[in-house]
Amino acid sequence: MTKICLVGAGSTVFAQNILGDVLSNPGEYAISLFDIDPERLKTSEIVTRRICQSLGLDAVQIDATLDRRTALKGSDFVILMMQVGGYRPATVTDFEIPKRYGLRQTIADTLGIGGIFRGLRTIPVLAEICRDMEDLCPGALLMQYVNPMAINCWAIKEIAPHIKTVGLCHSVQHTAAHLADCLGENIADINYVSAGINHVAFFLKYEKRHVDGSLEDLYPRLKALAQEGQVPHEDRVRFDVLRRLGHFVTESSEHFSEYTSWYIKDGRNDLLESLNIPLDEYIRRCEAQIAGWRELKENLEGGKPVQICRSNEYAAGIIHAMVTGQPTLIYGNVPNNGLIENLPASCVVEVPCHVDRNGVQPIRVGRIPTQLAATMRLSISVQELTVEAALTGKRERIYQAALLDPHTSAELSPDQIWKLVDDLIEAHGSLLPSYH
């Protein structure tokens, strides 16, 4: 029997997607749900049982617990989906305090001052989970879905290098399908290769496979859309990046807009309007997600059946491939070690990975275009300093991470950055370890 542990299972909607995918594949499963919020955990347990009922699965073992070690014990797969500090107070703090300094953000979960502090909150919890895994399920695969993805995965490889782990995101497969829609093509006819770092990876190849077997490079058509301005209203930033860097980035426009100094600038509302950049977007999404969870909870308590719709998340495919040996291809976040030749060996990259009974096997990409690697390095230095701050407890590394962050440093002076970091450390209180 394959035991799957969900850490942060109170993220009910995401847990529903993952478990709907996993349990739709044949197999014998034990599902262990862990969360620190008993109410959310109870809702996720109901969802899991309803999924099993819908699929006619009577033999699935389901356990929900507030004890993480109990949940992890004997697991074959561990899926991380928690948000340390939650929406309130942590995420709100990440937005509201920088606003006092005139520093505005869109998502604040990957880079920027918000991404830095989300990483600092999360890494100590990751360290505890890794220690528990080494003790209770040392052979398990850790599937890491938590943002900031690259920062968290980098920390895990430093904390527990012997744990098998991969970071998973849906940006590559979502954007591949999105571009097919933009061109009026069927994603089933598309070949693509992406590489880079999470949320700043680019399609190196995007082409159509015709019936006769010939291949058509679709980049000329994408560039024509960008040049003519015939692009989706919500995706103007990425098409602008395509015009300037020659390749399409995998993460959404609202995400990418805060990873550089190019788009969000104090006093430049014209850029925000012309490129449709939604400031405070993650705040609005969180409010909507909370409302959605409450509605789901009410529906479940009222006996409404759960609808199972297969998603394109990678977790189920990985589990199926490793259990059955039927291979699959995913995009995973893994230690570089030469996979992308012109990025630092120590960083975490997002590359194609072959998966079978032997586990997740990254595929070497080689060199990527110089301008893309240079853009990625803007993020990599911030990631490295943030990880070092979390692992050493050195406060000066937090200052330096913020000082090198492209968006933060473009808007604030060094003195302002120092004061902002101090304010955020104080505001997060017990959610952060002490920094000396």
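Here are a few things to note about the model shown:
- On the beta carbon distance between Arg88 and Glu216, with R0 = 41 Å, the FRET formula returns roughly 0.25.
- Taking the 1.4 Å solvent-accessible surface of the range 55-119 as the whole, the part contributed by carbon and sulfur is 46%.
- Restricting the range 269-365 to GluC sites (Glu not before Pro) in coil, as DSSP defines it, with at most 16 other Cβ within 10 Å: Glu341
- For the range 322-399, applying the loop criterion from DSSP together with a ceiling of 13 other beta carbons within 10 Å to the trypsin sites (Lys or Arg not before Pro) yields Arg357, Arg364, Arg367.
- Order by protection proxy (mean Cβ within 10 Å, highest first), peptides 240-250, 146-156, 129-139: 146-156, 240-250, 129-139
- Global geometry of the range 200-308, whether rounded, prolate or oblate, following the gyration tensor of its Cα atoms and the 1.5 cut on a/c: oblate
- Close amide H contacts of Val351 (hydrogens built in the peptide plane, cut-off under 5 Å, sequence separation of 5 or more or a different chain): Gly332, Val334.
- Averaged per residue, the range 57-190 has 34 square angstrom of accessible surface, using a 1.4 angstrom probe with ligands and nucleic acids left out.
- Counting only protein heavy atoms and a probe of 1.4 Å, the accessible surface of the range 308-428 is 50% carbon and sulfur.
- Spatially proximal lysines relative to Lys265 (Cα-Cα < 19 Å; intrachain offsets below 8 disregarded): Lys99
- Applied to the range 136-142, the Karplus parametrisation 6.51 cos²θ - 1.76 cosθ + 1.60 on θ = phi - 60° returns per-residue 3J(HN,Hα) values of 10, 8, x, x, 6, 8, 8 Hz, with x for Gly and Pro.
- For a straight C-alpha distance cut-off of 22 angstrom, the lysines reachable from Lys205 (same-chain residues fewer than eight places away being disregarded) are Lys223.
- In sequence order, calculated HN-Hα J values of the range 72-83 (Karplus, 6.51, -1.76, 1.60; Hz; x Gly/Pro): 6, 4, x, 6, 9, 9, 10, 10, 8, 8, 8, 10
- Backbone amide hydrogens, once placed in the peptide plane, bring Ile62 within less than 5 Å of Ile31, excluding anything fewer than 5 places away on its chain.
- Against the criterion of solvent-accessible heavy-atom surface with a 1.4 angstrom probe, Ser430, Ser44 sort, most first, into Ser430, Ser44.
The values are calculated or read from the model by the stated rules, or taken from the named source; none is laboratory data. These numbers were taken from a predicted model, which means no experiment stands behind them. Positions of Cβ are generated from backbone atoms using ideal geometry, with glycine treated the same way; all protein chains shown enter the neighbour counts. Just the protein is used for accessible areas: all its heavy atoms, side chains included, with ligands, DNA and RNA removed. Shrake-Rupley method; radii C 1.70, N 1.55, O 1.52, S 1.80 Å.
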